[in-house]
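Down below is the structure, laid out as structure tokens.
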Amino acid sequence: MTSLSTHVLDAVTGTPATGVGLTLTGPGGEVLASGTTDDDGRARLTGDLAPGVHRLTFATGEWSATAGRETFHPEVVVTFTVAAQAHLHVPLLLSPFAYSTYRGS
């Protein structure tokens, strides 16, 4: 059984990115979960992720528009492989014209 969490940070203000919409899709393209980041910029997507390639899509354009900011990336898609991990953590660091992500712990 593999679970997934994320933490989105706003690099401009140095604070959590609250209210970022996200969607998790599975190996066949089916939507497995969706939600938004909480007041701490975090979201936990519950359920058992099957092995294979998954995509976590962040609605960064909508979030930036709500904050009254310009952005180059209307969405950020992080594609990753689920194998035998018990838990995956996918952090995202945002700025208007760049982002970074990595496999967290």
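Each reported figure results from applying straightforward, stated rules to the coordinates on display, with no laboratory input. Just so it is clear, the structure is predicted and the values come from calculations on it, not from any experiment. FYI the Cβ positions are ideal-geometry reconstructions off the backbone, even for glycines, and counts take in every protein chain you see.
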- Query: Among THR79, THR71, THR36, which one shows the biggest mean-square fluctuation in a GNM of the chain, springs joining Cα atoms closer than 10 Å?
  - Reply: THR79
- Separation between the ASP39 and ARG103 pseudo-spin-labels, each 7 Å from Cα along Cα→Cβ, expressed in nm? 3.4
- Label PHE80 and ALA50 with points 7 Å out from Cα along Cα→Cβ: what is the distance between them in nm? 2.0
- Message: For a quick check: sort ASP40, ASP10, ASP48 by the number of other beta carbons within 10 angstrom, fewest at the front.
- Response: ASP48, ASP40, ASP10
- Work out the length of the dipole vector of the chain about its Cα centre, built from +1 on the beta-carbon of each Lys and Arg and -1 on the beta-carbon of each Asp and Glu, and round it to the nearest 20 debye. 240
- From the residues VAL82, LEU45, GLY35, which one has its Cα farthest along the dipole of the chain in the positive direction, the dipole being from +1 and -1 charges on Cβ of Lys/Arg and Asp/Glu about the Cα centre? VAL82
- Task: Per DSSP H run of n ≥ 4, the term is -39500 (n - 2.57); total these for the chain, divide by its residue number, and report the mean residue ellipticity at 222 nm rounded to 500 deg cm²/dmol.
- Result: -1500 deg cm²/dmol
- Message: What does the charge count around PRO16 come to, taking other residues whose C-beta lies under 10 Å from its C-beta (Lys +1, Arg +1, Asp -1, Glu -1)?
- Response: -3
- Note on the structure: Here the longest stretch of the chain that holds no chymotrypsin sites (Phe, Trp or Tyr not before Pro) in a DSSP loop having at most 12 other beta carbon atoms within 10 Å is 1-71
